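The values are calculated or read from the model by the stated rules, or taken from the named source; none is laboratory data. These figures come from a predicted structure and were not determined experimentally. Neighbour counts run over all protein chains shown; Cβ positions are idealised from the backbone, glycine included.
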Amino acid sequence: MKLIAAFFRLVRWPNLVFIALTQMLFYYCIIVPVLPPSYYSLPHHITIKIFYLTMAASVLIAAGGYIINDYFDVNIDQVNKPEKVVVEKIINRRWAIFLHLILTTAGVIISFYVAAHSNKLIFLLNVVCTLLLWLYSTTFKKKLLSGNIIISLLTAWTILVLYFAVNITNLITISYASEIEAAVRRLFKYAILYAGFAFIISLVREVIKDIEDVQGDERYNCTTMPIVWGIPASKVFAAVWIIVLISALAIVQFYVLQLGWWLSALYCFVLIIVPLVWVLKKLYEAQESKQYHQLSSAIKLVMLSGILSMIFLWMYS
């Protein structure tokens, strides 16, 4: 039981559940209501089977990425969060790399099947994701901004992969009914909206996590933003992106109100915008590692609120 519990801690099971929830909401609340019945007569259209396999591939690749990250971060984690260390403490390094290879390979194989039955780019881009996760863990995580951007892009990809699974290549090469083209354009807007939200809020969280972990990173010669630019400049960087996100959300709500979606706008204001303003205020005041950890947790809750807002698109569809 101890090994099983350690395995689930190693793969960050709450984050995997979050990925699965995000993709399920995007599929059932956006893709299914948006696509017209005529779409499903197309060759290689997205089916429930393809959706769940796409989700499985995303979860497996992410799980493998978390393992390889901990594999290379053992020394740093023993300084930053010794109570959460699993590799070497409970699961030895050999087993960790074996588990990484099994999960990642399974994810890539499933991606190949999905690509063969929908959009061939999915296999290529998921392979790129696995390479980026490896390079992030070995190199880019310790570098200025590059690691933060990689993780933010991978977070956005969990949504964009479903847009690709709708099989955009067919829609580009063949002329289809205007209702399908209009639906795909609408789907693209929603994908960009949520992927953009995921990218920005993930970028902010990664920078705050770097500030939280600065002690261990500094000891092992990392060149993260707080170490190179200093903590005050890193806080300004994060704050600017929070302001950008709040502004973008306010603009979106202006258009939402034009549609008469008052409940959706109220939800966004109370559970996304107000908490982001609170994070902005607390970020200015934060001085200790514990405070930055609390901010990181708060941002994760805002991410959850943002993803759950997809339910309103289903309600109003």
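Spot the failing condition for S309; the list is (1) closer than 26 Å to N75 by Cβ; (2) free of Cβ contacts under 8 Å to residues at least 60 places away in the same chain; (3) touching a Cys at 6+ places or on another chain (Cβ under 9 Å); (4) not aliphatic (A, V, I, L, M), and only one is missed.
All conditions pass for S309, except number (1).
Restricting the stretch 226-240 to residues that are under 17 Å from I201 (Cα atoms) and out of contact with any helix residue (DSSP H, G or I) (no Cβ under 7 Å at 6 or more places or on another chain), which is surrounded by the most Cβ atoms within 10 Å (Cβ to Cβ)?
Filtering the stretch 226-240 for residues under 17 Å from I201 (Cα atoms) gives 234-240.
Filter again for out of contact with any helix residue (DSSP H, G or I) (no Cβ under 7 Å at 6 or more places or on another chain), leaving 236, 240.
On the way: V236: 14, V240: 11.
Of everything passing the filter in the stretch 226-240, V236 is surrounded by the most Cβ atoms within 10 Å (Cβ to Cβ).
If a residue has to be polar (S, T, N, Q) and at pLDDT 95 or above to count, how many in the stretch 83-104 make the cut?
At the first step, the residues of the stretch 83-104 found to be polar (S, T, N, Q) are 92, 104.
If we keep only those that are at pLDDT 95 or above too, we end up with 104.
Final tally of qualifying residues: 1.
Mind checking which residues of the stretch 21-42 are surrounded by fewer than 19 Cβ atoms within 10 Å (Cβ to Cβ), over 20 Å from N119 (Cα atoms) and not aliphatic (A, V, I, L, M)?
Correct list: P33 only.
Out of the stretch 245-269, which residues are within 19 Å of K300 (Cβ to Cβ) and of a type in the set (A, V, I, L, M)?
Result: L245, I246, L249.
Please tell me if K300 is without any contact (Cβ under 8 Å) to a residue 40 or more places away in the chain and not β-branched (V, I, T).
no
Within 23 Å of C129 (Cβ to Cβ) and exposed (fewer than 15 other Cβ atoms within 10 Å of the Cβ): which single residue out of K49, K84, K2, K89 fits that description?
K49
Which residues, counting only those in the stretch 292-317, are more than 23 Å from the chain's Cα centre (by Cα) and either part of a helix (DSSP H, G or I) or of a type in the set (A, V, I, L, M, F, W, C) (or both)?
Once the filter is applied, which keeps residues that are more than 23 Å from the chain's Cα centre (by Cα) and either part of a helix (DSSP H, G or I) or of a type in the set (A, V, I, L, M, F, W, C) (or both), the stretch 292-317 yields only M315.
Every residue in the stretch 241-256 that is at pLDDT 95 or above and loosely packed, with under 12 Cβ neighbours inside 10 Å, please.
The answer is S247, I251.
Only residues that are assigned to a loop (DSSP other than H, G, I, E, B) and among the β-branched types (V, I, T): list them for the stretch 83-124, please.
V85, V86, I90
For the stretch 10-20, indicate whether the set of residues that are among the aliphatic types (A, V, I, L, M), exposed (fewer than 14 other Cβ atoms within 10 Å of the Cβ) and farther than 18 Å from N126 by Cα is non-empty.
Yes, that holds for at least one residue.
Please name all residue pairs, on different chains or six or more residues apart, with Cβ atoms under 9 Å, provided the first residue is in the stretch 48-72 and is under 24 Å from L25 (Cβ atoms) and of a type outside the set (A, V, I, L, M, F, W, C) and the second residue is at pLDDT below 95 and not in a helix (DSSP H, G or I).
T54/I46; T54/S118; G64/V11; Y66/V11; Y66/R12
Yes or no, residue by residue, for (1) closer than 22 Å to L153 by Cβ; (2) among the β-branched types (V, I, T); (3) within 22 Å of the chain's Cα centre (by Cα):
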residue	(1), (2), (3)
F197	yes, no, yes
I201	yes, yes, yes
E206	yes, no, yes
R219	no, no, no
T223	yes, yes, no
P226	yes, no, no
W229	yes, no, no
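Would you confirm whether or not the stretch 220-239 contains a residue that is farther than 19 Å from F140 by Cβ and of a type in the set (V, I, T)?
Looking for residues that are farther than 19 Å from F140 by Cβ and of a type in the set (V, I, T), one finds at least one in the stretch 220-239, hence yes.
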